Amino acid sequence: MPMYQVKPYHEGSASLRVELPTCMYRLPNVHARTGSPAPDSGHVQEESDPSLQALESRQDDILKRLYELKAAVDGLSKMIQTPDADVDVTNIIQADEPAAFSTSALDLNSVLGKDYGALKDIVINANPASPPLSLLVLHRLLCDHYRVLSTVHTHSAVKSVPENLLKCFGDQTKKQPRHEYQLGFTLIWKNVPKTQMKFSVQTMCPIEGEGNIARFLFSLFGQKQNAVNLTLIDSWVDIAVFQLKEGSSKEKAAVFRSMNSALGKSPWLVGNELTVADVVLWSVLQQTGGGSMTVPANVQKWMRACENLAPFNTALKLLQ
């Protein structure tokens, strides 16, 4: 099928002539081998000022020293935040410093729902005969990242609660106006078969089980994990609740072998950061007397690393 002809863009081998605008001054050719400016150049490049060269050199030196300092600080932080560290950092980590895991900004309203003029209050019912250590650890971690209004109450059906459990959140005498807090955390000692949690008393069913509540509370930190790590974390939490806490001696021995293998590859159970799996497994070990049992070397090192962090150390004192 015949087509119309298009006018050729180039005429043979003749060079393409382009009409340059005359309204702008000409710049020297940066690709020329000689450093001479183009003819009729209206712009003359001045020689670099020696004072500017000295300033640039000084800036390069400062940046180099900053990079070296950053590398040194990163090295020290890894020593403190991994189980290889033999330093007790209980008194070093302050309340306003994060623990050995990364967090990202999280809008609490997107998780707990927005209620104008009301403080979102997480209410937990727990049995004083079996204190949920993992939730106490997570409470301390939440206090490190949010302004938390913490209160402890005792249900009327409970006859007596040990003094250390009544003061598990520390001294709460210093109070700020309620509207200045970001989150409420209320713990009620009550005779319940399983630990329960609600953050909307009117519109939600309670979340039951220490492991499930720990999963929810840890999600408030906004930690990012891929699908594989999330699956491993959920698996470890289930192992802690169903095998380590309620299983037979053979099942517990199998859990220790799996933990020892995982901790031989990474400082924490899932990767290089603390996760809810570490919190729940450590808490179950303490509740079942696992700390006094014969455990593999990697598990012992991991337990020391957990107890070197202030939230774990504070919860551990409740058992003493």
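The values are calculated or read from the model by the stated rules, or taken from the named source; none is laboratory data. None of these values were measured; they are calculated from a predicted model. Cβ: placed from backbone, ideal geometry, glycine included. Neighbour counts: every protein chain shown. Surface accessibility is based on the protein's heavy atoms, side chains included, excluding ligands, DNA and RNA. Shrake-Rupley method; radii C 1.70, N 1.55, O 1.52, S 1.80 Å.
Observations
- Largest accessible area first, the residues H31, H153, H139 order themselves as H31, H153, H139 under a 1.4 Å probe with ligands, DNA and RNA left out.
- Measuring against 28 Å, Cα to Cα, the residue pairs K167/K265; K194/K252; K198/K250; K167/K301; K252/K301 contain K167/K265; K198/K250; K167/K301 as the ones spanning a longer distance.
- Rounded percent of accessible protein surface that carbon and sulfur make up, the stretch 201-320, 1.4 Å probe: 52
- Under 5 Å, built H, 5+ apart or other chain: amide partners of R26: G42, H43
- Calculated FRET efficiency, D234 to Y67, Cβ-Cβ distance, R0 = 51 Å: about 0.85 to the nearest 0.05.
- If you sort the three axes of the alpha carbon gyration tensor as a ≥ b ≥ c, you get a/c of 1.5 or more for the stretch 245-320 and a/b no higher than b/c, which makes it oblate.
- Residue-normalised accessible area of the stretch 227-318, expressed per residue, 1.4 Å probe, Å²: 43
- A cut-off under 14 angstrom between Cβ atoms defines the neighbours of L133, and their net charge, with Lys, Arg +1 and Asp, Glu -1, is 0.
- Sites E163 and N191, calculated FRET efficiency, Cβ-Cβ separation with R0 25 Å, nearest 0.05: 0.85
- Protein-only accessible surface at a 1.4 angstrom probe places the residues Y67, Y146, Y25 in the order Y67, Y25, Y146, largest first.
- In plain terms, the chain from H153 to S130 could stretch by 6.7 nm, reckoned as 0.36 nm per residue minus the Cα-Cα distance.
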